[in-house]
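A short worksheet on the structure shown next.
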Amino acid sequence: MSALTFPQSDTSRRIGDAERAAILADPGFGTHFTDFMAHARWSEASGWSEDEIVPFGPITLSPASAVLHYGQEIFEGMKAFRHDDGSVWTFRPEQNARRMQRSAARLALPELPVEDFLASITALVRADEPWVPAPTGETSLYLRPFMYASEPFLGVRASHAVDYLVIASPAGAYFPRGVQPLVVWVTDAFARAGAGGTGSAKCGGNYASSLLAKYEAGEQGADEVMFLDSETHTFIDELSGMNVFAITEDQRILTPQLTGSILEGVTRASILQLAEDRGLTPVEERLAYDRVCEDLRAGRITEMFACGTAAVINPIGEFRDRHGSVRVGDGGSGETTLSLREELTGIQYGRLEDRYGWMTRLV
Ligand code: COI
């Protein structure tokens, strides 16, 4: 039973049909926002309460709010997909709900019950239903649940007041160039996460610390940055906001094992399952970057790709590091990579059978 229901008192829309249609025709990623947002508050005394759907708009925050000083914040990324019959679905939402609970535990934030998380998603997507793009191309409604420490207090301890919100943003391809092979810069100057740190939590701080390395990548003409483990700078961790995979000529699919410094990606877990179903052998292990380069040069690794909710599955065409560069296959988009992408999005958009019951209907 869900305790929170996220009722909606104000149903007036912010944007007219024509303006919304123009945005949906070319939404980009993360720049347009819908009419409403979900909101709830937590306090030590009352637990979770004050749940509601309200018009999207600025939030009020004391300048002393703990999140602004100590970064006590977590978030999730999900999508709502329109199917051909007009219905709207989301992908494995209970996985995001549980991961948010794990992130909350790591950041000393209160856990939101899974049912309440699902209620917030459902209520927001129902209120914002006209914002879910038609199933042409690969547009969807990106959902961003997040939680932050809102207590005005400058002492260093877990906040006694927390806000939870879900905002929504119509989305096309994550990368400005669309689904094109990425050039990935491998940094040895910066690390994303250390042992015992917050690497497996989806918290803003991890992404803030990736920014400088992403700029470094840009200076090298790359689209993305890949981090190695912080201790030895040997093993592949992940990209700035995506997990990474390799496919070998002998039909194995490799991805870094979950060591605590890597995000436990929902897309990552789903790919491991889909790949195994088509006869690839999934291998989760520590992947030494030098070894991967050798295997790429020798043709033993034939494809590599990045994956995440926002990025879906995106081929990697080349790695650059301060010693030189190595091409992945012929530098183009790998056949298995594109086929896995087709299968995953086929399930998400209802074009293929949902054999694991991964989809949840929202509207
Ligand atoms: C997602 O894939 O949903 C994320 O949160 C990653 C971010 C880089 C957009």
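No value in this document is a laboratory result; all are computed from the given coordinates. Here the structure is a predicted model, which means the values were calculated and not measured. For neighbour counting, all protein chains shown are included, and Cβ atoms are generated from backbone atoms with ideal geometry for every residue, glycine included.
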Query raised in the report: Mind checking the angle between helix 93-106 and the chain's longest principal axis? C-alpha axes, 0 to 90 degrees, to the nearest 10.
Result: 90
Query raised in the report: Taking the inverse of the average 1/r across all pairs of different Cα atoms in the range 182-348, what Kirkwood radius in Å do you get?
Result: 15.7
Query raised in the report: Based solely on its DSSP helices, what 222 nm [θ] is calculated for the chain when runs of n ≥ 4 H residues each add -39,500 (n - 2.57) and the sum is averaged over all residues, nearest 500 deg cm²/dmol?
Result: -7500 deg cm²/dmol
Query raised in the report: Using the Kirkwood formula over every pair of different C-alpha atoms, what hydrodynamic radius in Å results for the range 95-197?
Result: 17.0
Report task. Kindly state, to the nearest 0.05, the FRET efficiency for Ala22 paired with Arg177, given R0 = 22 Å and r defined as their beta-carbon distance. Result -> 0.45
Query raised in the report: How far apart, in nm, are two points set 7 Å out from the Cα along the Cα-to-Cβ line at Thr5 and at His323?
Result: 6.3
**Report entry** Square roots of five times the Cα gyration tensor eigenvalues for the chain, Å
**Finding:** 34, 25, 18
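Scanning the chain for trypsin sites (Lys or Arg not before Pro) in DSSP loops with at most 10 other Cβ atoms within 10 Å, what's the longest stretch left with none? Can you show the working numbers first?
Details: sites that count: Arg177, Arg322, Arg355.
Longest run free of exposed loop sites: 1-176.
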